[in-house]
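S.K.: Attaching a single structure in structure tokens format; questions to follow.
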Amino acid sequence: MHSYRVFSLHHCILITCFLSVLLLQLPHTYAATITLGAQLTLTGPNAQTGPGATAANFREGTRFMVKWLNENTGNTPINGETLQFVLKEFDDQGLTTDPELCAQLAQQMVADPEVDFILVQLGGTAGVVGAPIYEAAGRFVIDTVDTLPVAHVYGNLFASLTTFDQFFQASLLVTRLKGARSVATVTTEAVNGAVGCAGMDSLAPRLGLDFVGEFLVSDIPLGGSCEPVAPAVEEVWRTQLSALVATQPDVVVLCPPFARLALAILRDLDYSPGAILLTFPQGLEACDWDPHLASVPTTYVSYSVPWHPLMRLPGDDLIGTPADFEALWLAAHNDTPSTTFAQLGATGPYLYYLAMRSADSTEPAAVRRALSLLFADTWFSPFRFDITGVNIAHRWVGVQIQPEGELPFAPIENAFTELVYPMPTWQERQYEPGWFEEGGEIAIAVMVGVAMLLLLCVGAGLAYCWRHPVMRAGTPEFLALILVGGLALLSAVFTWMLYVTTAACIARPWLLALGFDLMFGSLLAKSWRVSKVFLVSGLKRVKVTMLSALLLLGAIMLVDVVLLSIWMGVSTPHAETVVVDPVRPSQNYEQCAYSLGSDGVFIILLLAYHALLVVYSLYMAYQLRTIKWVVFNESKWILFAMYNLVLVVVVIIIVEVVDIDREAQFYVRSVFIVVGVLLSVAAVFLFRFYMIRVGAQYDDGSFRADHSLVSRNTQMGREVTSESGSSKSTSH
């Protein structure tokens, strides 16, 4: 038993030693804490979050990236160590223009023993005051909001951005390729040098553009872009912009932040340049205090941003493309849209990690050297620094506000869309359709009104001569219905104007079909009645009442009513907006939407049915040619009316099928409808009015001045005897 215990203890010792040696041979990692000291806005009015809170969004972007790195980079050790980033925040209180505060903040950061690396925003005063302090302490920094050339003189600064010059150069190059020839700037003393507008006189000629002038306006505080503007200040702006309009530049560069005031004045002056470029998109907010400014459309205005989620970039192996970063941000912030400044805040920690991974070290000297040699594509931008620490691979993004959203158009190699150039004029942006807005529509309406008046005059003449034998021979009841049909066809023109509504689209087929029935169906019905009286062979009594003829006309119209009712029940026509130019709504128009399916079937059925009526009418006219009495023989007038109808229908089909200007279609179609109706009415009525007016005696005895023949052949429902000795009974 004792020997067994010694043996077991001996084996345990050997196994423990073996496992210890084995574990010592395995690779191992340790957690290394990296403290990032960051200049952020924690207190003060600018610390509040919101869509336009740039400082707050910058802060949130920095925090987001530190958290993301800690959660997603643990599987890639740096020099055998997994990194744990800690963010130590230094409050600038949003007062980056206070020299004393900027100096104090810089000194605190370089003196803090816990801070390994520094993130700063060296724009403006912070750059002038803070940069020498960092340099004197031998500390290099990553500066994520450097927009001023003054910060570039410090070679130990690694700026992730460069100046607005890139935006102007890329955007103006696009406008030049689109056809722009000249450019002018609107600026103030306060922002001129700060955003690169001062160099426009030299930049424009290099791009092949004429620089027509710089127009100086009164300063308006950047933070007060929606504050009421003093009348004297607005007057200065109006005067200067009036002078700008006189030069007619193709491109206007607005350097001041108060863009809406400039846009409102340009709209008042009715001037729309080919492009408007802004340096500060913050000046586009709607101003509730001034409805005039709030109503100014900002669509198609362009501005600069250092980053956009729709940029076409190759991305990297960590996060991916700009769109991938946007998705990460949205998922982490409850679908709150990210802003450019959030991405800027995220860039600093991300760059430090890329440099550490490239150097495989967290030593400041190694990280600095890796940054200077860094040449990488990322979700934010390509990175390649020059000897002054400026990222020369980054390009500012030109974004244009388009109906689909704010889309990047420059630089061309990273663009998501094309620049809309020239931007639509103020009038072209408005789509306010209505009746009789075009001069041609008014002219056609007047023409139709005159035609209707003529038909009413003919109707008055018919009423006056109602009992005259010549009119009685033509059946005045049907003559009146012919006039009603003509009025219906003329009314159809008003449903076929350049502007239509759904009600007009529904009424159009009814007016055309029933107007045709009343006009030419009446001709057919009364011709049928005459044929029954005069074309019956042998001596036989024939009685054709008015009711019989009206029933025939009713049957003709009933077929159309049934077809139209089924059509409206299956697929009701409606008005639709045709978009000619998506950026110029004024060119849009309304048209009736008819589908090629069910609508096409009913249109074909209606056309075929009316074609049969025309053929039968022609047959009846041919039959009546043998009647020797003029007042009853209307064959040639029916043929003339049918000819007019067929001609009108053929012309309308041609102009609707052939691809010609819609206004030309409207004019041709309307004129032919009016002329066709007037000629058809004239064919039916003029010769009767002429016979009544002349009262002449014809050689063939068909019509006498004493109207004896006509009177004997037009008595309703009574048996009469003609001079030839044949006896007929008629209700004609």
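The values are calculated or read from the model by the stated rules, or taken from the named source; none is laboratory data. Predicted model, so just to flag it, every value in this text is computed and none were measured. So basically every Cβ, Gly included, is an ideal-geometry build from the backbone, and we count neighbours across all protein chains shown. These area figures cover heavy atoms from the full protein model, side chains too; ligands, DNA and RNA do not enter into them. Shrake-Rupley method; radii C 1.70, N 1.55, O 1.52, S 1.80 Å.
Quick grid of which residues meet (1) touching a strand residue (DSSP E or B) at 6+ places or on another chain (Cβ under 9 Å); (2) at pLDDT 85 or above; (3) crowded, with 18+ Cβ neighbours inside 10 Å; (4) outside any strand (DSSP E or B):
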| residue | (1), (2), (3), (4) |
| --- | --- |
| ALA126 | yes, no, yes, yes |
| PHE168 | yes, no, yes, yes |
| LEU173 | yes, no, yes, yes |
| ALA184 | yes, yes, yes, no |
| GLU189 | yes, no, no, yes |
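S.K.: In the range 209-236, which residues are open to solvent by less than 40 Å² (accessible area, probe 1.4 Å) and modelled with pLDDT of 65 or more?
M.R.: Result: LEU209, GLY213, PHE215, VAL217, SER218, VAL229, VAL233.
S.K.: How many residues does the range 389-448 contain that are part of a helix (DSSP H, G or I), small (Gly, Ala, Ser) and in contact with a Leu (Cβ under 8 Å, 6 or more places away or on another chain)?
M.R.: Of the residues in the range 389-448, 1 are part of a helix (DSSP H, G or I), small (Gly, Ala, Ser) and in contact with a Leu (Cβ under 8 Å, 6 or more places away or on another chain).
S.K.: Still on this structure, I have one more. In this structure, does ARG467 turn out to be open to solvent by 30 Å² or more (accessible area, probe 1.4 Å), at pLDDT below 90 and not in a helix (DSSP H, G or I)?
M.R.: yes
S.K.: Yes or no: ARG584 modelled with pLDDT under 85 and among the charged types (D, E, K, R)?
M.R.: Criteria not met by ARG584.
S.K.: Looking at the range 489-499, is at least one residue over 27 Å from GLY554 (Cβ atoms), open to solvent by 20 Å² or more (accessible area, probe 1.4 Å) and either touching a Pro at 6+ places or on another chain (Cβ under 7 Å) or acidic (Asp, Glu) (or both)?
M.R.: Yes, because at least one residue in the range 489-499 is over 27 Å from GLY554 (Cβ atoms), open to solvent by 20 Å² or more (accessible area, probe 1.4 Å) and either touching a Pro at 6+ places or on another chain (Cβ under 7 Å) or acidic (Asp, Glu) (or both).
S.K.: Working carefully through the options PHE640, PHE687, find the one that is open to solvent by 70 Å² or more (accessible area, probe 1.4 Å) and at pLDDT below 85.
M.R.: Step by step, each of PHE640, PHE687 is checked, and only PHE640 is open to solvent by 70 Å² or more (accessible area, probe 1.4 Å) and at pLDDT below 85.
S.K.: Based on what the data block shows, is LEU293 open to solvent by less than 10 Å² (accessible area, probe 1.4 Å), at pLDDT 90 or above, on the phi < 0 side of the Ramachandran plot and not in a loop (DSSP other than H, G, I, E, B)?
M.R.: no
S.K.: Let me ask you something else. State yes or no: is MET620 open to solvent by 30 Å² or more (accessible area, probe 1.4 Å) and within 27 Å of GLY485 (Cβ to Cβ)?
M.R.: Answer is no for this residue.
S.K.: Mind checking whether some residue in the range 434-454 is open to solvent by 70 Å² or more (accessible area, probe 1.4 Å) and in contact with a Lys or Arg (Cβ under 8 Å, 6 or more places away or on another chain)?
M.R.: For the range 434-454, residues open to solvent by 70 Å² or more (accessible area, probe 1.4 Å) and in contact with a Lys or Arg (Cβ under 8 Å, 6 or more places away or on another chain): absent.
S.K.: Which of the residues belonging to the range 299-336 are open to solvent by less than 30 Å² (accessible area, probe 1.4 Å), of a type in the set (A, V, I, L, M, F, W, C) and part of a loop (DSSP other than H, G, I, E, B)?
M.R.: Matches in the range 299-336: VAL301, TRP307, MET311, LEU313, ILE319.
S.K.: For ARG508, all conditions in the list (1) in contact with a Lys or Arg (Cβ under 8 Å, 6 or more places away or on another chain); (2) part of a helix (DSSP H, G or I); (3) modelled with pLDDT of 90 or more hold save one; what is the number of the exception?
M.R.: Of the numbered conditions (1) in contact with a Lys or Arg (Cβ under 8 Å, 6 or more places away or on another chain); (2) part of a helix (DSSP H, G or I); (3) modelled with pLDDT of 90 or more, the odd one out for ARG508 is (1).
S.K.: If you check every pair at least six apart or on different chains, which have Cβ atoms under 6 Å apart with a residue in the range 389-418 that is on the phi > 0 side of the Ramachandran plot first and a residue that is assigned to a strand (DSSP E or B) second?
M.R.: From the range 389-418, the pairs are GLY389/LEU157; GLY389/PHE158; GLY389/ALA159.
S.K.: Here are ALA473, ALA393: which of them is open to solvent by 10 Å² or more (accessible area, probe 1.4 Å), among the hydrophobic types (A, V, I, L, M, F, W, C) and out of contact with any Gly (no Cβ under 6 Å at 6 or more places or on another chain)?
M.R.: ALA393
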